[in-house]
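The values are calculated or read from the model by the stated rules, or taken from the named source; none is laboratory data. Since this is a predicted model, take the numbers as computed values, not measurements. Positions of Cβ are generated from backbone atoms using ideal geometry, with glycine treated the same way; all protein chains shown enter the neighbour counts.
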Ligand SMILES: Cc1ncc(C[n+]2csc(CCOP(=O)(O)OP(=O)(O)O)c2C)c(N)n1
Ligand code: SF4
Ligand SMILES: [Mg+2]
């Protein structure tokens, strides 16, 4: 390997400005808005994000928020990238410093040549002579509007929207379009907000001399796309996947998935005339009850799901084992956050994979889906139910806070082309024709036939139990029955390997090294691979979309000298699983695990790989 | 049906009593739980229940094993310790057209499962919830349960220093609309209460004192046979009349009887032994339970009744067909509706 620039994204361009030359930097920078939680800054940030999106510029917004309702600092990161990169960056060139509590450290984070837009009414703002600062007299705008109390903060946030629009060159019409979207066309709200934005926009034009190079220009890269969070996408996907029963207990960052269900289900699955619903949502007393309800509902034949996060997953452990062993379908979304215990409840991570894979005592093993994009959150809404019912087992969908709660651009979701796969369920007539033994491996795939309560055949009933049982679901303590049943369950798990979504492989013939990753780290890795390639280091990439893995993964590993397993946890959990799954290839697998609560960056990936490659 | 040469006695739907049997019991000889299972079989037969329209559910314990010993033609789910309410709630939301009998123990309900128990009452899921209450953990060999009497002595567990939890009081406080207590040795009362409970529209709790012959059958225990026989005070003499049958009031002297009409049109006739007892008064019911607790007596009969509350399925506006039986066309919205949502997000 030759000499490699360790951090190509961060400061190379900005440095040029300090030298005096000021070529414009168009559609390639990041903005961070530093505000206090609970001040309504979300509306302001979403207005900027969506306005840029409506200008046709690829964007991504990430909310770095506290576990708090009001007062603690919040940072909203917007990446603008004409190349279409949407991963987080370490550096933001444009700081909207609207939180006096963090302004000192926020300003220190700016790169040389960076820009700080701040509230001029504060007495002291730290000085740096290598950045550009613009003060906005926020109080003046607030006085003009006559707003009082808490609303003042809200107004202040709309002030920065106007100033940023002016400084970057966002047409006011685009801001208005964005607010129209945000407020669902409610004119009064749009007008009230636009009045402030327009004032600040005009004031900035008259009073501020732009000295920085950052601007935006309309593109055509987002046409036909939409923006949505992974949780909303998962909710929609589940509805088009035929969910009929939801039980849940609130927990960040999964709550917005159930909010999505509660928003869309009444529109899509309620008879407007009779008021009858083809679904039920129960807010349970805890996650343990939630999964219990799913297993009851799945056993009775409903498509049952829940959404939770790490602490809820821990509570579900005993039931997960029952679901695996009694072979009951259910779908459990885990929007991962950072922990053990309460951990960092508003930060992102991938730390639940190993424990969820084996969730439940004894020899429990679970099927896991690993969506990386909002599109996959949507399609896995159907896939998860199809798999749960086909395999007759709980299926876990492991998303994360970054994917679940942040807004991502996407192509519109395609309507499912295949009918729902309801699995092997016998009617009374089929029981009559074929006979029925619940746990008998009739087809050689390890998957038995089940009947649902209500089956009229006198021999159609079976007794679900967590205790040892024979093929007919009758209690048994016989060693042979135990061994046979567990072997069949293992065989069923092997069947699952071929049924779960296959990995996405980008094989590069020139590459000696491979990367394996899963979930939302995809975006940082895509970008990092481009940079590494530009610097002469070719890589292949296999993105896992499910566990258990199949032979594709072993083949991929065998084809490369070294394979880096990149993930957002401390211990390299999937690295661990892969080493166990393919012991003969274990030494080729190198763990690059990292967890600080933030979404992965391309810079971290590039540095981590190069550090290892140089060894 | 088996043909045995002689015509077997059958009920109105043509099933014989053996059609309601389950597997052979593995519980101890003389365990109160066995007699309750037998009454369930008898009642299901007498009420002409279609076995496939019934589900039976339980937690873990000796008591929770018993669904394997009755209604072998019904789907069953022997779940986790203390978690039967959540399984039942899910199953009955997935298919609210089913009838359900849950069997639990005092450990299963009043200790590990207290949270789920109370929340199920609050939701008013339509099912019969039987607690086979013996004051001990039978299956784990004789530890005290939370319903054990204060000061009670047990061979292995020593002396219990803590006050008991009264399952009926907990049920009433949590909003249950059918709360009854009985004694496994009183087959007739158990049957009458079971019949009434099965026609209740919400959760019906039957707290049935069911002596554990292995670990809690000392005469001094309020959950023993002898104590039960001696100290049982019946609130009512109970008669249950199926909706098809006519109510014959003549049997009872007027003024001594209260008729409770159930939602399916059946009637529960309570013959008042306790002159002023009114099962529709929540305050009265709690008062009577506290009074009995103080006296170390247990009252039996229908302690509290309120048939007005909506059950969870009703409150959820479910269609006539169970969710589990809806066809794909009802479950997956149209391509057009997805298209509309996609456009609205642009
Ligand atoms: C999570 C869990 N903890 C402990 C147990 C062990 N256990 C099995 S039954 C039981 C107590 C049962 O008592 P009760 O519900 O009163 O039923 P009984 O046997 O008396 O009828 C216990 C503690 C278990 N099965 N699961
Ligand atoms: S141990 Fe007690 S509760 Fe269990 S079966 Fe024997 S008598 Fe019944
Ligand atoms: Mg007990």
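The set of residues in the range B:322-335 being at the interface with another protein chain (Cβ under 9 Å from one of its Cβ atoms) and surrounded by fewer than 19 Cβ atoms within 10 Å (Cβ to Cβ) consists of B:325, B:328, B:330, B:334, B:335. In the range B:304-319 there is at least one residue that is within 10 Å of another protein chain (Cβ to nearest Cβ) and out of contact with any strand residue (DSSP E or B) (no Cβ under 9 Å at 6 or more places or on another chain).
Scan the range B:90-112 for residues that are within 10 Å of chain A (Cβ to nearest Cβ) and free of Cβ contacts under 8 Å to residues at least 60 places away in the same chain and the total you get is 3. Hey, any hits in the range A:261-274 for a residue that's touching a helix residue (DSSP H, G or I) at 6+ places or on another chain (Cβ under 7 Å), away from chain B (no Cβ under 11 Å), within 30 Å of residue A:344 (Cα to Cα) and modelled with pLDDT of 95 or more? Yes, some residue in the range A:261-274 is touching a helix residue (DSSP H, G or I) at 6+ places or on another chain (Cβ under 7 Å), away from chain B (no Cβ under 11 Å), within 30 Å of residue A:344 (Cα to Cα) and modelled with pLDDT of 95 or more. Say we look at the range A:169-180 and pick out the residues that are in contact (Cβ under 8 Å) with a residue 40 or more places away in the chain and within 12 Å of residue A:55 (Cα to Cα); which of these is surrounded by the most Cβ atoms within 10 Å (Cβ to Cβ)? Per the criteria, the residue is A:175. Of B:87, B:49, B:55, B:60, all but one fail to be part of a loop (DSSP other than H, G, I, E, B), within 11 Å of chain A (Cβ to nearest Cβ) and within 18 Å of the chain's Cα centre (by Cα); the exception is B:60. Being surrounded by fewer than 24 Cβ atoms within 10 Å (Cβ to Cβ), part of a helix (DSSP H, G or I) and facing chain A (nearest Cβ under 9 Å): is that true of residue B:81 here? In short, no. The condition (being over 31 Å from the mean Cα position of the chain (by Cα) and crowded, with 20+ Cβ neighbours inside 10 Å) is satisfied by just one residue among A:124, A:145, A:133: A:133.
Residue A:400 meets the conditions (1) within 14 Å of another protein chain (Cβ to nearest Cβ); (2) touching a helix residue (DSSP H, G or I) at 6+ places or on another chain (Cβ under 6 Å); (3) farther than 26 Å from residue A:221 by Cα in every case but one. The failed one is (1).
Considering only the range B:132-145, state which residues are more than 9 Å from ligand 3 (Cβ to nearest atom) and buried (at least 19 other Cβ atoms within 10 Å of the Cβ). Matches in the range B:132-145: B:144 only. Scanning the range B:187-225 for residues that are closer than 23 Å to residue B:107 by Cβ and more than 16 Å from ligand 3 (Cβ to nearest atom) yields B:190, B:193, B:194, B:197, B:203, B:204, B:219, B:220. Just so you know, in the range B:118-159 the residues that are away from ligand 1 (no atom under 13 Å from the Cβ) and under 15 Å from residue B:293 (Cβ atoms) include one that is farthest from the chain's Cα centre (by Cα), and it is B:151. Scanning the range B:284-297 finds no residues that are surrounded by fewer than 21 Cβ atoms within 10 Å (Cβ to Cβ) and within 14 Å of chain A (Cβ to nearest Cβ).
For the range B:49-69, the set of residues classified as more than 20 Å from residue A:293 (Cβ to Cβ) and within 16 Å of ligand 3 (Cβ to nearest atom) consists of B:61, B:62, B:63, B:65, B:66, listed by residue number.
This table checks each residue for (1) over 17 Å from residue A:49 (Cβ atoms); (2) in contact (Cβ under 8 Å) with a residue 40 or more places away in the chain.
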residue: A:129; (1), (2): yes, no
residue: A:136; (1), (2): yes, yes
residue: A:139; (1), (2): yes, no
residue: A:147; (1), (2): yes, no
residue: A:182; (1), (2): no, yes
residue: A:190; (1), (2): no, no
residue: A:203; (1), (2): yes, yes
residue: A:220; (1), (2): yes, yes
residue: A:226; (1), (2): no, yes
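Scanning the range A:24-45 for residues that are crowded, with 20+ Cβ neighbours inside 10 Å and assigned to a helix (DSSP H, G or I) gives A:41, A:44, A:45. Among the numbered conditions (1) more than 9 Å from chain B (Cβ to nearest Cβ); (2) surrounded by fewer than 24 Cβ atoms within 10 Å (Cβ to Cβ); (3) more than 23 Å from residue A:452 (Cβ to Cβ), the only one that residue A:325 does not meet is (3). Condition first: surrounded by fewer than 20 Cβ atoms within 10 Å (Cβ to Cβ), within 15 Å of ligand 2 (Cβ to nearest atom) and either more than 14 Å from every other protein chain (Cβ to nearest Cβ) or not in a loop (DSSP other than H, G, I, E, B) (or both). Now tell me which residues in the range B:15-33 satisfy that. Within the range B:15-33, B:28, B:29, B:30 meet the criteria. Being surrounded by 21 or more Cβ atoms within 10 Å (Cβ to Cβ), at pLDDT below 95 and more than 16 Å from ligand 2 (Cβ to nearest atom) holds for only one residue in B:189, B:152, and it is B:189.
Taking the listed residues A:414, A:372, the one that is touching a residue at least 40 places away in the same chain (Cβ under 8 Å) and either surrounded by fewer than 17 Cβ atoms within 10 Å (Cβ to Cβ) or part of a loop (DSSP other than H, G, I, E, B) (or both) is A:372, with no other qualifying. Which condition does residue B:101 not pass, out of (1) away from ligand 3 (no atom under 16 Å from the Cβ); (2) assigned to a strand (DSSP E or B); (3) in contact with a helix residue (DSSP H, G or I) (Cβ under 6 Å, 6 or more places away or on another chain), if it passes all the others? Looking at each condition in turn, residue B:101 falls short on (3). Listed by first and then second residue, the pairs with beta-carbon distance under 9 Å, at least 6 apart or on different chains, first residue in the range A:465-494 and in the same structural domain as residue A:299 (by TED's automatic domain parsing), second outside any helix (DSSP H, G or I) and surrounded by fewer than 18 Cβ atoms within 10 Å (Cβ to Cβ), form an empty list.
Checked against (1) over 26 Å from residue B:310 (Cα atoms); (2) buried (at least 20 other Cβ atoms within 10 Å of the Cβ); (3) within 13 Å of ligand 2 (Cβ to nearest atom), residue B:235 meets all criteria but (3). For the range B:65-78, a tally of residues being under 16 Å from residue B:53 (Cβ atoms), facing another protein chain (nearest Cβ under 9 Å) and outside any helix (DSSP H, G or I) returns 7.
Quick check: is even one residue across the range A:360-368 under 26 Å from residue A:486 (Cα atoms), buried (at least 24 other Cβ atoms within 10 Å of the Cβ) and modelled with pLDDT of 95 or more? Scanning the range A:360-368 turns up at least one residue that is under 26 Å from residue A:486 (Cα atoms), buried (at least 24 other Cβ atoms within 10 Å of the Cβ) and modelled with pLDDT of 95 or more.
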